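Novice: Mind looking over this structure? Questions follow.
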Amino acid sequence: MTVFKLQILLDEQLPLPPKLKATNKHHNLKHVIKLPHLQGKDDPTVYMGAKKLGRILITLDKGFYQSTEFKYYKDTGIIYIKEGGQSYNLPPDEIDRRLQRLFKVLNTKDKYYNVKIKICDDHAMIKCQNNKEVKITI
């Protein structure tokens, strides 16, 4: 059970909040397509929108995790959900399950800001400002 509540912005490839039942129940979710000032915008605009709103950006776009263009800020962070194939084909319940496993392991709100997190099948990689990665089992 989650005892902290994150402010989350879901990128456009992700399902709407009601499809992510557990994550939606325990956290405050907003979706890019429901925000006219971010809908259809380029990645840098979406990321700065998340920062301005004080939200963690959750995405299926590996560019957010890999690119040095997206700086580290104390009032935002990135969670990238890695998929096996080239297309965005993870079902909503699998996305929700992976997020819940991460939230169980990183169980305080402050661990999600000023970092980039990549969620894989059974582990997550956390990248900090020095670009070093730490692997955790989820």
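Novice: Can you list residues from other chains, or at least 5 along the same chain, whose modelled amide H is less than 5 Å from the amide H of I79?
Specialist: Those lying under 5 Å, H to H, from I79 are L57, I58, T59, I117.
Novice: Send over the per residue convex hull volume for the range 7-137, Cα only, as a whole number of Å³.
Specialist: Working: hull volume 12.9 nm³, N = 131.
Given the Cα convex hull of the range 7-137, per-residue volume reads 99 Å³.
Novice: Short version: ³J(HN,Hα) in whole Hz for each residue of the range 105-110, in order, from phi by Karplus 6.51 cos²θ - 1.76 cosθ + 1.60 (θ = phi - 60°), x for Gly and Pro, what are they?
Specialist: 7, 8, 9, 9, 4, 5
Novice: Just subtract the alpha-carbon distance of K25 and N107 from 0.36 nm times their residue separation and send over the number in nm, one decimal.
Specialist: 27.9 nm
Novice: From the phi of every residue in the range 41-53, what ³J(HN,Hα) in whole Hz does the Karplus formula 6.51 cos²θ - 1.76 cosθ + 1.60 yield, where θ is phi - 60° and glycine or proline is x?
Specialist: Karplus values, whole Hz, x for Gly and Pro: 7, 6, 4, x, 5, 5, 5, 5, x, 4, 4, 4, 7.
Novice: Just grab the label-to-label distance for L16 and Q66, each label 7 Å out from Cα along the Cβ direction, in nm (one decimal).
Specialist: The modelled label-to-label distance comes out at 3.2 nm.
Novice: From the backbone phi of the range 17-29, what are the Karplus-calculated ³J(HN,Hα) couplings (6.51 cos²θ - 1.76 cosθ + 1.60, θ = phi - 60°) in whole Hz, Gly and Pro given as x?
Specialist: Rounded to whole hertz, the list is x, x, 6, 9, 3, 5, 5, 5, 5, 9, 9, 8, 9.
Novice: Still on this model: Working out 0.36 nm times the residue gap between K41 and E94, then minus their Cα-Cα distance, what length gain in nm do you get to one decimal?
Specialist: Net length gain for the segment: 16.4 nm.
Novice: Lysines near K135 by alpha-carbon distance under 24 Å, same-chain residues fewer than 8 away left out - which ones?
Specialist: Those lysines meeting the cut-off are K5, K62, K71, K74, K82, K104, K109, K111, K116, K118, K127.
Just so you know, all these numbers are worked out from the coordinates, no wet-lab data involved. Keep in mind it's a predicted model, so treat the numbers as computed, not measured. Methodologically, a virtual Cβ is constructed for each residue, glycine included, from the backbone with ideal geometry; neighbour enumeration extends over all protein chains shown.
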